[in-house]
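*Asks:* Quick one: the structure is below, and I'll ask about it shortly.
The values are calculated or read from the model by the stated rules, or taken from the named source; none is laboratory data. Bear in mind that the values here come from a model prediction, so they are computed numbers and not experimental data. Cβ placement follows ideal geometry from the backbone for every residue including glycine, while neighbour counts extend to all protein chains displayed.
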């Protein structure tokens with residue numbers, strides 16, 4: 001359960017570059033909900049995700065995870081409950097380390113790290129099972145350095161790292177945007193599989209309208225720092241790309257092009 | 001042939017010296033390579049180790065106590081750099097320069113004078129080697145064993161859950177934070193450990209040569225960096241074991257090469273220029289070949 005109350009964020013306050021990114025966002029994402037967030041560039045989608053993750057302090061409002069107020073906690077402490085996959089494949093996993101080392105770091109997210117060997121037979125078995133689900137053959141390459149992987153493979157690994165320890169909230173920030181359409185489809189299928197199986201509470205930002213229509217059980221559209229549309233259940237299922245564009249006069253060329 | 005003879009004659013002495021500097025090179029490798037934090041503090045923590053060790057020895061303490069005090073002081077110096085970086089938001093290079101500059105004054109304060117002679121005081125070599133304490137090869141064996149132990153301990157550490165998280169901090173800050181790693185805390189420990197090794201090198205140098213001087217660390221950072229880069233060119237840096245072997249192998253080779261160059265007529269005063277050019281060339285080579293720079297930096 002993720003709850004956001006009256007969240008407000010201003011970048012560069014008091015300067016010429018001042019920009020209000022979030023204007024009092026109220027949002028409750030129920031356990032197991034897969035909410036997709038769309039909106040123009042600058043609508044505040046990524047800011048919302050980063051505020052939930054704890055990348056910066058917010059001006060107003062609170063973030064609650066399972067009723068726990070985490071507003072004052074830095075990102076590394078929120079990681080105990082919040083897992084994320086970034087848009088940039090270079091960020092999610094450490095290139096200079098092997099696949100299994102990255103997963104070993106992720107497997108202790110939110111736990112006390114110990115003076116105990118990070119790699120072992122149990123971990124390897126867990127990694128193989130987890131990675132096999134992505135169908136990219138990563139389970140046979142546990143000792144491969146991550147900087148030798150393709151963007152799609154890196155995003156699949158980042159996703160595996162996010163779910164290797166079950167998070168209370170999963171944040172996906174345009175995690176397929178940097179990939180070619182075919183790979184983006186593969187990573188998206190893998191996402192749906194792991195999120196669905198585990199019933200993870202998920203917030204996914206996307207620019208891909210078809211993904212927004214097809215995936216998730218709830219759709220949030222943001223505009224100028226507010227949630228302009230919030231549909232779920234059957235109403236969400238009935239949405240079409242054309243309908244969305246017509247109804248909300250989406251001005252963003254990027255959205256139109258990808259639709 | 002005369003020059004070659006002079007060089008060969010100096011091989012054991014140079015080897016002994018290089019094993020001492022190997023600890024400094026290890027201490028430089030940890031922040032630079034494991035944490036991607038270009039830490040210059042060792043230029044101050046190396047003489048700090050020598051000065052603290054000398055002051056504690058001169059006060060009549062046991063050599064182990066004096067060496068441990070030096071290591072603790074080096075750890076504190078590294079922590080100081082990390083804290084300046086995190087709390088004052090000062091650039092990584094600048095906070096190292098701030099701390100090493102401050103350490104110059106602190107080192108003189110610690111000793112009460114710019115240098116302390118240690119002849120007549122017990123030292124770790126006497127403790128471990130007894131009557132054989134003045135034999136160069138025995139000292140080499142002792143330091144070699146010590147360096148091997150240090151590498152083994154670090155090899156174990158860097159492969160634990162804690163050590164792997166520390167490497168993640170250097171490999172990707174974003175990934176480390178997202179996986180719940182407290183970047184500030186791990187940087188603090190990493191810089192502390194690195195400078196503890198540099199100070200250990202300084203304390204061993206003071207005990208080996210029988211005196212401590214506030215100026216004895218001059219150039220240790222760039223020599224150590226040269227050793228790390230040279231070592232990586234020889235043994236590589238793809239695994240934790242290679243990462244740790246590189247500073248030691250590099251230091252041994254580097255000081256023999258320097259000794260040979262001096263034997264063949266290089267002016268000692270030109271050595272810093274030659275070293276700086278060498279480090280620069282080694283840093284630029286990968287860029288010329290279109291690869292990324294070997295010194296990764298944060299920010």
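*Asks:* Buried (at least 20 other Cβ atoms within 10 Å of the Cβ), touching a residue at least 60 places away in the same chain (Cβ under 8 Å) and touching a helix residue (DSSP H, G or I) at 6+ places or on another chain (Cβ under 7 Å) - does that describe any residue in region A:55-69? Break it down into steps so the answer makes sense when it comes.
*Replies:* Here is the first cut: in region A:55-69, the ones buried (at least 20 other Cβ atoms within 10 Å of the Cβ) are A:58, A:63, A:65.
If we keep only those that are touching a residue at least 60 places away in the same chain (Cβ under 8 Å) as well, we get A:63, A:65.
Still in the list and also touching a helix residue (DSSP H, G or I) at 6+ places or on another chain (Cβ under 7 Å): A:63.
Checked region A:55-69: at least one residue is buried (at least 20 other Cβ atoms within 10 Å of the Cβ), touching a residue at least 60 places away in the same chain (Cβ under 8 Å) and touching a helix residue (DSSP H, G or I) at 6+ places or on another chain (Cβ under 7 Å).
*Asks:* If residue B:113 meets every condition in (1) assigned to a helix (DSSP H, G or I); (2) more than 9 Å from chain A (Cβ to nearest Cβ) apart from one, which number is that one?
*Replies:* With respect to (1) assigned to a helix (DSSP H, G or I); (2) more than 9 Å from chain A (Cβ to nearest Cβ), residue B:113 is out only on (1).
*Asks:* I would also like to ask the following. Out of (1) under 30 Å from residue B:280 (Cα atoms); (2) away from chain A (no Cβ under 14 Å), the odd one out for residue B:173 is which?
*Replies:* Failed condition: (2).
*Asks:* Going by the conditions given, is residue B:145 out of contact with any strand residue (DSSP E or B) (no Cβ under 7 Å at 6 or more places or on another chain), at pLDDT 95 or above and at the interface with chain A (Cβ under 9 Å from one of its Cβ atoms)?
*Replies:* Taking the combined requirement at face value, the residue does not satisfy it.
*Asks:* I'd like the full set of residues that are at the interface with chain B (Cβ under 7 Å from one of its Cβ atoms) and either surrounded by fewer than 24 Cβ atoms within 10 Å (Cβ to Cβ) or more than 23 Å from residue A:143 (Cα to Cα) (or both), limited to region A:87-96.
*Replies:* Once the filter is applied, which keeps residues that are at the interface with chain B (Cβ under 7 Å from one of its Cβ atoms) and either surrounded by fewer than 24 Cβ atoms within 10 Å (Cβ to Cβ) or more than 23 Å from residue A:143 (Cα to Cα) (or both), region A:87-96 yields A:91, A:95, A:96.
*Asks:* Of the residues that make up region A:72-79, is at least one in contact (Cβ under 8 Å) with a residue 24 or more places away in the chain, touching a strand residue (DSSP E or B) at 6+ places or on another chain (Cβ under 8 Å) and either buried (at least 23 other Cβ atoms within 10 Å of the Cβ) or away from every other protein chain (no Cβ under 14 Å) (or both)? Working first, answer last.
*Replies:* Within region A:72-79, the subset in contact (Cβ under 8 Å) with a residue 24 or more places away in the chain is A:78-79.
Checking which are touching a strand residue (DSSP E or B) at 6+ places or on another chain (Cβ under 8 Å) leaves us with A:78.
If we keep only those that are either buried (at least 23 other Cβ atoms within 10 Å of the Cβ) or away from every other protein chain (no Cβ under 14 Å) (or both) as well, we get A:78.
Among the residues of region A:72-79, at least one is in contact (Cβ under 8 Å) with a residue 24 or more places away in the chain, touching a strand residue (DSSP E or B) at 6+ places or on another chain (Cβ under 8 Å) and either buried (at least 23 other Cβ atoms within 10 Å of the Cβ) or away from every other protein chain (no Cβ under 14 Å) (or both), which makes the answer yes.
*Asks:* When you look at residue B:57, is it part of a helix (DSSP H, G or I) and either out of contact with any helix residue (DSSP H, G or I) (no Cβ under 7 Å at 6 or more places or on another chain) or crowded, with 24+ Cβ neighbours inside 10 Å (or both), yes or no?
*Replies:* On the way: part of a helix (DSSP H, G or I): yes; either out of contact with any helix residue (DSSP H, G or I) (no Cβ under 7 Å at 6 or more places or on another chain) or crowded, with 24+ Cβ neighbours inside 10 Å (or both): yes.
Considered against the rule, which asks whether it is part of a helix (DSSP H, G or I) and either out of contact with any helix residue (DSSP H, G or I) (no Cβ under 7 Å at 6 or more places or on another chain) or crowded, with 24+ Cβ neighbours inside 10 Å (or both), residue B:57 comes out as yes.
*Asks:* Can you name the number of the only condition in (1) surrounded by fewer than 24 Cβ atoms within 10 Å (Cβ to Cβ); (2) at pLDDT 95 or above that residue B:90 fails?
*Replies:* If we test residue B:90 against (1) surrounded by fewer than 24 Cβ atoms within 10 Å (Cβ to Cβ); (2) at pLDDT 95 or above, just (2) comes out false.
*Asks:* Consider residue B:115 against the criteria (1) closer than 30 Å to residue A:116 by Cβ; (2) surrounded by fewer than 23 Cβ atoms within 10 Å (Cβ to Cβ); (3) in contact with a strand residue (DSSP E or B) (Cβ under 7 Å, 6 or more places away or on another chain): it satisfies all of them except one. Which criterion is unmet?
*Replies:* (1)
*Asks:* Would a scan of region B:197-210 turn up a residue that is surrounded by fewer than 23 Cβ atoms within 10 Å (Cβ to Cβ), closer than 29 Å to residue B:16 by Cα and either free of Cβ contacts under 8 Å to residues at least 12 places away in the same chain or within 7 Å of another protein chain (Cβ to nearest Cβ) (or both)?
*Replies:* yes
*Asks:* Any residue at all in region A:97-106 that is facing chain B (nearest Cβ under 7 Å), assigned to a loop (DSSP other than H, G, I, E, B) and either over 27 Å from residue A:10 (Cβ atoms) or in contact with a helix residue (DSSP H, G or I) (Cβ under 6 Å, 6 or more places away or on another chain) (or both)?
*Replies:* Within region A:97-106, one or more residues are facing chain B (nearest Cβ under 7 Å), assigned to a loop (DSSP other than H, G, I, E, B) and either over 27 Å from residue A:10 (Cβ atoms) or in contact with a helix residue (DSSP H, G or I) (Cβ under 6 Å, 6 or more places away or on another chain) (or both).
*Asks:* So residue A:175 passes all but one of these: (1) part of a loop (DSSP other than H, G, I, E, B); (2) surrounded by fewer than 22 Cβ atoms within 10 Å (Cβ to Cβ). Which condition number does it fail?
*Replies:* (2) is the only condition that residue A:175 fails.
*Asks:* Regarding region A:124-143, can at least one residue be identified that is more than 19 Å from residue B:170 (Cα to Cα) and within 7 Å of chain B (Cβ to nearest Cβ)?
*Replies:* Checking region A:124-143: not a single residue is more than 19 Å from residue B:170 (Cα to Cα) and within 7 Å of chain B (Cβ to nearest Cβ).
*Asks:* Which one of the conditions (1) surrounded by fewer than 20 Cβ atoms within 10 Å (Cβ to Cβ); (2) not in a helix (DSSP H, G or I) does residue B:181 fail to meet, given that it meets all the rest?
*Replies:* (1)
*Asks:* While we're on this one: Within region B:148-169, work out how many residues are within 14 Å of chain A (Cβ to nearest Cβ) and assigned to a helix (DSSP H, G or I).
*Replies:* Residues meeting the conditions: 15.
*Asks:* So is residue B:217 buried (at least 24 other Cβ atoms within 10 Å of the Cβ) and outside any helix (DSSP H, G or I) or not?
*Replies:* For residue B:217, the condition - buried (at least 24 other Cβ atoms within 10 Å of the Cβ) and outside any helix (DSSP H, G or I) - is met.
*Asks:* Of the residues A:106, A:125, only one is within 20 Å of residue A:163 (Cβ to Cβ) and under 20 Å from the mean Cα position of the chain (by Cα); which?
*Replies:* A:106
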